[in-house]
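Report on the structure given below.
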2 protein chains.
Amino acid sequence: MSQLLRVQNFTVSSDGFGAGEHQSLDRPFGHADPGALMAWAGATASWPNRTDPGGSRGLDDYLTRDFAHNIGAEIMGRNKFGPQRGPWQDLEWQGWWGHEPPFHTPVFVLTHHERPSFALSDTTFHFVDVDPATALAQARAAAEGRDVRLGGGATTIREFLDADLVDTLHVAVSPVVLGSGVRLWESPDELLDRFHCDVVPSPSGVTHHLFWRR
Amino acid sequence: MSQLLRVQNFTVSSDGFGAGEHQSLDRPFGHADPGALMAWAGATASWPNRTDPGGSRGLDDYLTRDFAHNIGAEIMGRNKFGPQRGPWQDLEWQGWWGHEPPFHTPVFVLTHHERPSFALSDTTFHFVDVDPATALAQARAAAEGRDVRLGGGATTIREFLDADLVDTLHVAVSPVVLGSGVRLWESPDELLDRFHCDVVPSPSGVTHHLFWRR
């Protein structure tokens, strides 16, 4: 089987935004509350950031449980990695995730401002100033036969969709309204010319959209 | 996390039967047509028995994709292993699955008629004449920290439910009517006193029932 490029557990507001405006160190999702946006995921037993036992094991858990399944590398945009813009002022910033990031694979951060690679536990961050197809080729080589996760944010996913590089997308549409922010889509229908889509309402209130290539 | 006992991708008819009557060498599911009963699973990209590329990657695929995820052993009833009854007449029977069974772990076959263990590829079959709790203890030890799959059939699942040993169940209810056979339940509601349940209709026509302990 070939190495797929997969979007996993990406959550948008009901009006199509993956994050709010005015990202900062204190507000990784800008004016959006990630706790509200991602409440469906945080309630599951398999949520990677869960620190206590318990959690649900129904539909939503199948989605969070699949987060790392057969994934050998991640690609993310610079704004997922941190709130900085422009040349790096401070190489001490190593992402939002502390000493044990939830990726456990090589991670390729797309940026116009490269910096040296570094490792935290079993996650290694690489900083690459390349186009989406080149980043995907690098990530596939690092994934050693496994799939590659496209981690977001919304702008990065749009770039890879525009380059027709995405094989599957799981997007959870949350019942939160943001009004403005970083937009993934006006409507999921925009992707139906290129993708099949299962629309699956969850008892938690989100609606899972599961896309795969036609 | 503890080692769960999980029922995965078990399919029943709309009237609650996991297999039909009159199982035989030619009819592993008796008068039921497994191709109709399991059509939802066979159409997915991740179905373990798939021999060609392609297949869907929507909701149903998340279920089949999870079949082996963190599973370290399987427990099955003797009637899942073969159509024979009573003492073994022929030790040449090694199951329905050919030289490459889809389990890839130790498998514990519950039977009153023990026989020597054997291996096919990376699956090893053990034959044990023990009660459900003892079988589960043996399977957990063999699973080396991973979960145990309870593979069926319906009678075996009932025995483990009656002993309150099952942690999660995924049962797909197919739009096929059988009228008679090996019954799992009269209604999924029978389990609601002990389990949460997400009821998730799939575009393929089956309705997934995802149970986890209260």
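The table below gives the values:
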| read-out | value |
| --- | --- |
| Range of Cα positions in region B:12-158 per principal axis (Å), largest first | 41, 38, 29 |
| Label geometry 7 Å along the beta-carbon vector: A:THR51 inter-copy distances in nm | 5.2 |
| Pairwise centroid distance, computed over Cα atoms, of region A:3-49 with region A:132-163, Å | 18 |
| Dimensionless Rg ratio for region B:132-171, taking C-alpha atoms and the 2.2 N^0.38 Å reference | 1.12 |
| Burial ranking of peptide ranges B:80-91, B:118-129 (average Cβ count within 10 Å, highest at the top) | B:118-129, B:80-91 |
| Cut-off under 5 Å, modelled amide H: who pairs with A:ALA172 long-range | A:PHE10, A:THR11, A:VAL12, A:HIS209 |
| Shape box of region B:88-214 [Cα atoms, principal axes, largest first, Å] | 41, 29, 25 |
| Exposure ranking of B:MET38, A:MET76 by accessible area [1.4 Å probe, largest first] | B:MET38, A:MET76 |
| Cα→Cβ-extended label distance, 7 Å offset, between B:VAL128 and A:ASP164, nm | 5.3 |
| Accessible carbon and sulfur surface of region A:101-193 relative to its total accessible area, %, 1.4 Å | 51 |
| Accessible area of B:GLU190 in the full protein assembly, 1.4 Å probe (Å², nearest 10) | 80 |
| Charged-residue dipole, Cβ positions (Lys, Arg, Asp, Glu), region B:55-214 about Cα centre, Debye nearest 20 | 100 |
| Average partner coverage of A:58-64, which counts Cβ from other chains inside 10 Å | 6 |
| Taking the C-alpha atoms of region B:156-214, convex hull volume expressed per residue in Å³ | 82 |
| Residue-count net charge about B:GLY151 - beta-carbon cut-off 9 Å; Lys, Arg +1, Asp, Glu -1 | +1 |
| Interface size B-A, as summed buried accessible area [1.4 Å probe, Å², nearest 100] | 2000 |
| The protein assembly as shown - Rg and Dmax from Cα coordinates, angstrom | 23.4, 77 |
| Position A:ASP26, label points 7 Å along Cα→Cβ, spacing to each other copy in nm (shortest first, one decimal) | 7.7 |
| Under 12 Å, Cβ to Cβ, from A:ARG194 - net charge with Lys/Arg +1 and Asp/Glu -1 | -4 |
| Ascending list, in nanometres, of distances separating the B:GLY179 label from those of the other copies (7 Å, Cα toward Cβ) | 6.3 |
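The values are calculated or read from the model by the stated rules, or taken from the named source; none is laboratory data. Because the structure is a prediction, the values reported are computed rather than measured. Because the Cβ atoms are built from the backbone with ideal geometry, glycine has one as well, and the counts that use them run over all protein chains shown. Areas reflect the complete protein model, heavy atoms only, side chains present, ligands, DNA and RNA absent. Shrake-Rupley method; radii C 1.70, N 1.55, O 1.52, S 1.80 Å.
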